[in-house]
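Below you'll find the structure, written out as structure tokens, and then a few comments.
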Amino acid sequence: MKRFMAFVRKEFLHIFRDVRTLIILFGIPATQILIFGYAVRTDLKNASIAVLDNAHDDVSNDLILKLEASDFFTISNRLNSYDDIDATFKKGKIKAVVIFPEDLAALLTRDGHATVSIIADASEPNTASLVTGYTSGILNDYSAALTKHITTGLPVISPEVRMYFNPNLESHFMFVPGVITLILIMVSALMTSVAIVREKESGTMEVLLVSPLKPWQIIVGKVAPYFFLSLVNIIVILLMAWFVFKLPVRGSIALLIAECMLYILMGLSFGILISTIVDKMENAIIITFMVLLLPGLLLSGFIFPIENMPKVYDYLSAILPPRWFIEIIRPIMIKGAGFVYVWKETLILAGMTLFLIVLSARKFKVRLEESSG
Amino acid sequence: MDREMAIEVRDLVKRFGSFTANDRLTFDVYKGEIFGFLGANGAGKTTAMRILCGLSRPTSGRVTVAGIDSGNPEAIKRRIGYMSQRFSLYEDLTVNENLELYGGIYGMTMKEIRQRREELLQRLSFTGYCETLIQALPLGLRQKLAFAVAVFHEPEIVFLDEPTSGVDPVTRRQFWEMIYETASRGMTVFVTTHYMDEAEYCDRITIMSEGRIVALDSPSALREQHGTASVEELFVKIARPKNTNS
């Protein structure tokens, strides 16, 4: 045990002495949270919208004035027909189109009810939901004011919301689980594979293997510090999400941490596996990027919802551990789901982890026997 | 002559598939001697050395290192020291930290480490460098330190794998003085090299060619036997693989 601790101590010295490692460990998570966090804005100011006024009556004019008068919107386009809507969206500046039906005022007085459509550009899901929310708010205020004057019946203008491009707004609030998923891969898989390959490259691995340290002690000693640092990282990310963006973890923190540990183990075994395959640090970096990080970013559902992908990519993403991890921590963090809701995904991730551990342990043994000069 | 044996090798064979890297090697290394292991690249030196160090198992034959059978590599590893041909200290750690690391790995207590460190640094006149990062040390000092680290835990046998490759002549000279000094304290030194002038410093040398031992004796005896003026000449004469000519 003492031999082992002397070795682990040295590993920590490596980490804390290398500025680049420290930046990757702590700088990147912090910046990612800030970047993704601020990209998801929670306030709305002077968003450009367009109106398609088919009514041209008092009610529609009033509503347009109210929209214009609010700080939230600038009406930058007045459309003449439904055909203009698509082109307007494609230009990209307009966040939403508000459509007033023909005979708006007449409908209100006759039926006491009318519908105003709001179509939002949901390629920016967060902005889209804000725009529709604020517009609906203004419509509701107006109809509330109307009901005071008209005593008979309840004339209500109900907003009808449609999301354009991305109907189900799935990527909402996804950034914290997504950032955790990527950061953990970077720290566990990327940094461990690099750390082990570095020893091979420098020739110190040979010396360690000749020493009384057992091979498994060397490997566990190399990855233990990264396991620890990954956990620290999760806590930093969660605290930042909470304090800077008021994003709480709705589910059990213990469950979340336990799932993260499983995922870290997966990453570490992946890193070990890579380190048994390659002899150069660059190659370790490239393989981790191509096999885990990039597909993890694109196909795990972090940025692009899996539901919107062609089926092929859906199947492809099923072999990626990050996809399952996101599907585990998203419900835990956002919906407050318990273990009963994620046990299947957890089982899949555990299976993948076990597979990687066995594979890397075997590969490592084979490498030891084979390497001869 | 009945001297105590540090290493005993009998009919050692190591095969990789159909390739025979070591073909029935038999030799002894006596306690306290400097034993040179010579051979061209690919002659099987490294394979044999890896087996002696417990890194790899023989296909057949019997190997005993420091009195322990090669079937128990863990016990062998505790009794030997090793210095690789590549520089093997951690450059981002200080001299002290490197010594603490290797001392710790070999199971030395902190007290022992401190005590022996003082001695060692004094003997090498290294005292001013304790807190210096290895990467800031001049190359010659680093090489000496690497050797000092390999014998820091006072092993019975130290294996040096081409320890002086890429080192300037002055440093090589100093390095060999350290080896002599170590051997004089009773440690067995097993060294591979491709510098033939260094072979002359060894008590006994063995020359390998194509997986076999083709010569084994003291440098002077070998020169006499083969009627050559230097080990270099001798090596060219007997160790050149038959299929290559220059």
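Bear in mind these aren't lab numbers, they're just calculated from the coordinates by the rules spelled out. Note that the structure is predicted; figures quoted are calculated from it, not measured. Quick reminder, even Gly has a Cβ in these numbers, built from the backbone with ideal geometry, and neighbours come from all protein chains shown.
Per-structure values
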{"quantity": "Difference of contour (0.36 nm per residue) and Cα-Cα distance, B:THR26 to B:ARG3", "calculated": "6.6 nm"}
{"quantity": "Between 0 and 90°, nearest 10: helix A:2-17 axis offset from chain A longest Cα axis", "calculated": "50 degrees"}
{"quantity": "Placed amide H near A:GLY336: partners under 5 Å, 5+ positions off or other chain", "calculated": "A:ARG250, A:GLY251"}
{"quantity": "Relative counts (whole %) of C-alpha pair distances in the stretch B:185-226, using bins that are 10 Å wide", "calculated": "25, 57, 17, 1"}
{"quantity": "Efficiency of FRET from Cβ geometry, B:SER125 and A:PHE16, R₀ 25 Å, rounded to 0.05", "calculated": "0.25"}
{"quantity": "Cα long-axis angle, helix B:139-150 against chain B (0 to 90 degrees, to the nearest 10)", "calculated": "80 degrees"}
{"quantity": "Three-way shape label, chain B, alpha-carbon gyration tensor, a/c 1.5", "calculated": "prolate"}
{"quantity": "Per-residue ³J(HN,Hα) for the stretch A:257-272, Karplus 6.51 cos²θ - 1.76 cosθ + 1.60, θ = phi - 60°, Hz, x for Gly and Pro", "calculated": "5, 4, 5, 4, 4, 4, 5, 4, 4, 4, x, 4, 5, 4, x, 5"}
{"quantity": "Separation of the B:ASP203 and A:HIS56 label points, Cα + 7 Å toward Cβ, nm", "calculated": "11.3 nm"}
{"quantity": "The stretch B:159-246 - Debye-derived log10 I(q)/I(0), Cα point model, q = 0.16 Å⁻¹", "calculated": "-0.70"}
{"quantity": "Value of Rg/Rh across the protein assembly as shown [Cα atoms, Kirkwood radius]", "calculated": "1.21"}
{"quantity": "For B:SER56, residues with placed amide H under 5 Å, excluding near neighbours", "calculated": "B:ILE51"}
{"quantity": "Gain on full stretching of the segment that runs from B:GLU118 to B:SER220 - 0.36 nm per residue minus C-alpha separation", "calculated": "32.8 nm"}
{"quantity": "Cα long-axis angle, helix A:321-330 against chain A (0 to 90 degrees, to the nearest 10)", "calculated": "50 degrees"}
{"quantity": "Virtual spin-label span in nm between A:ALA318 and A:ILE277, 7 Å along Cα→Cβ", "calculated": "2.2 nm"}
{"quantity": "Proportion of all alpha-carbon pairs of the stretch A:179-303 beyond 22 Å (%)", "calculated": "41 percent"}
{"quantity": "Net charge dipole size for the stretch B:17-118 [Lys, Arg +1 and Asp, Glu -1 on Cβ; Debye, nearest 20]", "calculated": "260 debye"}
{"quantity": "5 angstrom amide H check on A:LEU247, placed H, neighbours 5+ away", "calculated": "A:TRP242"}
{"quantity": "Student exercise, the protein assembly as shown dipole from Lys, Arg, Asp, Glu Cβ charges, in Debye to nearest 20", "calculated": "1520 debye"}
{"quantity": "Span from the the stretch B:135-192 Cα centroid across to the the stretch A:210-234 one, whole angstrom", "calculated": "30 Å"}
{"quantity": "Dipole of chain B, positive end: most advanced residue of B:VAL158, B:LEU139, B:ILE76 [Cβ charges, Cα centre]", "calculated": "B:ILE76"}
{"quantity": "Across A:LYS222/A:LYS280; A:LYS66/A:LYS95; A:LYS222/B:LYS144; A:LYS45/A:LYS93; A:LYS311/A:LYS344, pairs whose alpha-carbon gap is larger than 25 Å", "calculated": "A:LYS222/B:LYS144"}
{"quantity": "Two-site label geometry, A:SER76 and B:ASN41: point separation in nm, points 7 Å out along Cα→Cβ", "calculated": "6.6 nm"}
{"quantity": "Dipole magnitude (debye, nearest 20) for the stretch B:130-246, charges at Cβ of Lys, Arg, Asp, Glu", "calculated": "280 debye"}
{"quantity": "Rounded to whole Hz, the Karplus (6.51, -1.76, 1.60) HN-Hα couplings of the stretch B:103-116, x for glycine and proline", "calculated": "x, x, 4, 8, x, 7, 7, 4, 5, 4, 4, 4, 4, 5"}
{"quantity": "Rg/Rh ratio calculated on Cα atoms of the stretch A:47-164 (Kirkwood radius)", "calculated": "0.97"}
{"quantity": "In Hz, Karplus ³J(HN,Hα) per residue of the stretch B:202-219 (6.51, -1.76, 1.60; θ = phi - 60°; x = Gly, Pro)", "calculated": "7, 5, 9, 10, 10, 10, 10, 8, 6, x, 10, 8, 9, 7, 7, 4, 6, x"}
{"quantity": "Computed FRET value (nearest 0.05) for A:ARG9 with A:GLU201, which takes r as the C-beta separation and R₀ as 22 Å", "calculated": "0.50"}
{"quantity": "At R0 = 41 Å, FRET efficiency that the Cβ-Cβ distance of B:SER230 and A:LYS363 yields, to 0.05", "calculated": "0.30"}
